[in-house]
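We did not get these values from a lab; they are worked out from the coordinates using the rules stated. From a predicted model like this one, the values you see are computed outputs, not experimental measurements. For neighbour counting, all protein chains shown are included, and Cβ atoms are generated from backbone atoms with ideal geometry for every residue, glycine included.
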Amino acid sequence: MFKRAFDVLVSAVALIVLSPLLILLAGAVRLTSQGTALYRARRVGRNGQSFELFKFRSMVADADKHGPGITTRADARITPLGRVLRRSKLDELPQLLNVLRGEMSFVGPRPEDPRYVALYTPEQRRILSVRPGITSLASLEYRHEEELLVGDQWEQQYIHTIMPAKLAIDLRYADHASLLQDLSIIT
């Protein structure tokens with residue numbers, strides 16, 4: 001209850017305070033490449049519910065239709081501005097809307113693409129009992145994940161090595177989630 005109240009209050013204030021920056025970034029995305037400013041990605045959230053995750057578009061328009069669902073190192077679909085947005089994590093700011101809407105929290109396991117959730121073991125599916133977050137211990141540990149995904153077997157590497165490691169970290173978080181732990185992750 002406190003966590004949700006914290007999420008609503010902080011995301012509402014952040015959206016108001018950051019609105020000039022959000023407008024500036026949206027304009028920059030539109031001016032530097034064709035397509036919409038926001039990218040809407042289908043993700044799996046709490047209790048297995050599907051939702052649209054919002055991000056500033058950092059790739060060419062319709063990139064998801066012309067390549068893999070996971071971005072690898074040196075992905076040619078990333079725009080020059082998109083590289084800056086991704087490196088600085090500014091592309092994630094629109095997820096404040098997902099937090100305000102109750103689809104996400106500030107801290108929680110990162111929401112995953114349905115194609116990869118379908119591969120979860122029964123134990124890994126426990127992760128779906130908590131609201132996904134903008135950040136998590138696993139996302140901090142794997143903040144340079146794109147750099148790890150190289151070569152022709154990048155997807156197998158993700159499925160068999162990276163995804164299980166991230167899920168193990170997130171399951172430990174889910175078993176001991178608290179507002180105090182969330183604050184320590186944020187700061």
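Values computed for the structure shown
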item	result
Under the Debye formula (equal points on every Cα, no solvent term), log10 I(q)/I(0) of segment 1-110 at q = 0.17 Å⁻¹	-0.86
³J(HN,Hα) computed for each position of segment 119-130 - Karplus, 6.51 cos²θ - 1.76 cosθ + 1.60, integer Hz, glycine/proline x	8, 4, 6, x, 5, 5, 5, 4, 4, 6, 7, 10
Mean Cβ neighbour count within 10 Å, used as a protection proxy, ranking 174-185, 50-61 highest first	50-61, 174-185
Formal net charge of residues neighbouring residue 132 (Cβ-Cβ distance under 15 Å; K, R +1; D, E -1)	+4
Label corresponding to semi-axes √(5λ) of the Cα gyration tensor in Å when calculated from the structure given, among (i) 33, 18, 14; (ii) 48, 23, 15; (iii) 25, 23, 14	(iii)
Pairwise centroid distance, computed over Cα atoms, of segment 1-76 with segment 153-187, Å	20
The chain - mean residue ellipticity at 222 nm from DSSP helices (-39,500 (n - 2.57) per run, n ≥ 4, rounded to 500)	-12500 deg cm²/dmol
Signed unit charges on C-beta, dipole axis of the chain, positive-most listed residue 68, 27, 133	27
